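Working notes for the structure below.
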2 protein chains.
Amino acid sequence: MDVSPSSDFNECGSASAKALAAKLAALSHPARIEILKHLSGNRACCCKDVVQQLDLAQSTVSQHLKVLVEAGLVRFSAERQRSLYEIDREALAGISASVAGLVDTCCSSRPA
Amino acid sequence: MDVSPSSDFNECGSASAKALAAKLAALSHPARIEILKHLSGNRACCCKDVVQQLDLAQSTVSQHLKVLVEAGLVRFSAERQRSLYEIDREALAGISASVAGLVDTCCSSRPA
DNA sequence: ATCGTCTATCGTCGATAGACGATGGACGTT
DNA sequence: AACGTCCATCGTCTATCGACGATAGACGAT
């Protein structure tokens, strides 16, 4: 689901605000940012891989991954016994565009 | 506070991750996004103005504004009895750049 | 001086986030 | 079959968020 970069920011759009806020919330945790950076460097990572990188409990990492998946920033695929997580670059780019759109709106609707 | 688009995302960089996460956290609430959009349409707004727009209690709006100010996204200046809040477009642009940098890093460090 | 307005802060409350350990299921290996 | 590995989920705990009403301070107006 794409948040169009510069269309529906015009109206009040509590809906779009909520959608963007939800995605930003998923990004607004240092561990999840680190996870994304780690995922970006590898084709697909299993949970344990991320755990070894982050110095957090496995259950904690699993939850962070779940948050990222539910926000649509990371794709999930179950392999045999492993779970593979892969970064969704398009979704990430969509967020970047949404933020840029918001900033754009805020800068262009300058009053004077 | 620039997060260089492609330098310190290589190392673990928990510091930059925390800084970005903090700013995104300020953005990750629908009411605060709405406040930003409202502020962008006016030169400077007082608290009551935002209250009338948002259908939230005055104390709640005041707290949201405080969050935005502390995150550096909104500038604060005390007038006589009013408090004037003005959007900080540069800071907002900085966040946009940071997010773009993160996404860029995630897309460029593509493995294969 | 008194009243009304605007605002920040305090105190409270419920809900949620974030962390962990423990557990159990699925699967590969021996 | 028995064990080890990987993982998601559950339960728990603490801390924080988000909302509100109430309050008090600052100021203008009367």
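The values are calculated or read from the model by the stated rules, or taken from the named source; none is laboratory data. This structure is a prediction, so every number in the text was calculated from the model and none was measured. Every residue, glycine as well, gets a Cβ built from its backbone with ideal geometry; the counts of neighbours run over all protein chains shown.
Below, the figures for the structure above:
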{"item": "Count - residues of segment B:65-83 that are assigned to a strand (DSSP E or B) and either within 10 Å of the chain's Cα centre (by Cα) or more than 17 Å from B:E34 (Cα to Cα) (or both)", "result": "5"}
{"item": "Flag if B:E70 is within 16 Å of DNA strand D (Cβ to nearest atom), among the acidic types (D, E) and modelled with pLDDT of 95 or more", "result": "yes"}
{"item": "Candidate set: segment B:23-61, residues that are of a type in the set (S, T, N, Q) and near DNA strand D (Cβ under 8 Å from one of its atoms); chosen: the one nearest to the other protein chains (Cβ to nearest Cβ)", "result": "B:S28"}
